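The block underneath contains the structure these notes are about, expressed in structure tokens.
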Amino acid sequence: EQIDNDMLNDVIEVSAPDTLGVEKTRVYLGRRNGEPVAAVLSPVSTPGYAGPIQLVVAVRYDGTLAGVRVLSHRETPGLGDKIEEERSDWILSFDGKSLLDPRPSEWKVKRDGGVFDQFTGATVTPRTIVRAVKTALEYFDANRLYLFETGQQQGDQNSG
């Protein structure tokens, strides 16, 4: 679905450090004809093997993932850096996933009984990203109405 609003100006800042891993996360809201289409959460942070991993998580309004990308990390070159889109297509495996597909119990790396691949010699990195993406989806699922209504109200105030 296409959006027709300016997402850079249709943005709210939320504070959910327990679920999103950072003190402040910006939520960029995508709309078409004023109706919610998608949200981009940035950053979502998770502890990696060598330090925090910062992610961008894009979620369609129906709760399916539009995409996940890594903003920054300090993971081991040749092992954990496979989370980068340039190094491997692993991060693309989240596209289209939701809290219903796979089932919540399967939001794990395969070694832990889930559906997501891990890397040889580096399970910590994919494990923590899978957990962070699932948590971001849960946050969005629980807060989607609030996020889009709050963004709309802020937008109305800004245009008046």
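Read-outs: derived from the displayed coordinates by stated rules, not from any lab. The structure displayed is predicted, hence computed values, not measured ones. Here Cβ is always computed from backbone atoms with ideal geometry, including for glycine, and neighbour counts include all displayed protein chains.
Charge dipole (Cα centre; +1 on Lys/Arg Cβ, -1 on Asp/Glu Cβ; no other charges) of segment 57-151 amounts to roughly 280 debye. With all pairs of different C-alpha atoms in the average, the Kirkwood value for the hydrodynamic radius of segment 47-119 is 13.1 Å.
Residue by residue, segment 63-77 carries 3J(HN,Hα) couplings of x, 8, 6, 7, x, 10, 9, 8, 7, 7, 6, 10, 6, 5, x Hz when phi is fed to the Karplus relation 6.51 cos²θ - 1.76 cosθ + 1.60 (θ = phi - 60°); x denotes Gly or Pro. Of the options (1) 1.05; (2) 0.99; (3) 1.17, only one is Rg/Rh (Cα atoms, Kirkwood Rh) as computed from these coordinates, and that is (2). Placing +1 on each Lys and Arg Cβ and -1 on each Asp and Glu Cβ, with no other charges, gives the chain a dipole about its Cα centre of roughly 560 debye. For Val37, the amide hydrogen comes within under 5 Å of the amide hydrogens of Gly30, Arg31, Arg32, counting only partners 5 or more places away or on other chains and with H modelled in the peptide plane.
Scalar couplings 3J(HN,Hα) for segment 21-33, obtained by applying the Karplus form with A = 6.51, B = -1.76, C = 1.60 to θ = phi - 60°, are x, 9, 5, 10, 10, 8, 10, 8, 9, x, 9, 10, 6 Hz; x denotes Gly and Pro. Close amide H partners of Ser45, meaning residues 5 or more places away or on another chain with modelled amide H under 5 Å apart, are Gly21, Val22, Leu55. Whole-Hz Karplus values for segment 94-99 come out as 7, 4, x, 6, 8, 6 Hz, taken residue by residue from phi with 6.51 cos²θ - 1.76 cosθ + 1.60 and θ = phi - 60°; glycine and proline positions read x. Between the Cα long axis of helix 124-159 and the first principal axis of the chain there is an angle of about 10°, rounded to the nearest 10.
Counting Lys and Arg as +1 and Asp and Glu as -1 over every other residue whose Cβ lies under 15 Å from the Cβ of Val14, the net charge comes to -4.
Compared with the direct C-alpha span, the chain from Leu92 to Ile3 gains 29.9 nm at full extension, assuming 0.36 nm per residue. Once each part is reduced to its C-alpha centroid, what is the distance from segment 125-139 to segment 46-91 in angstrom? Here the two parts' Cα centres lie 10 Å apart.
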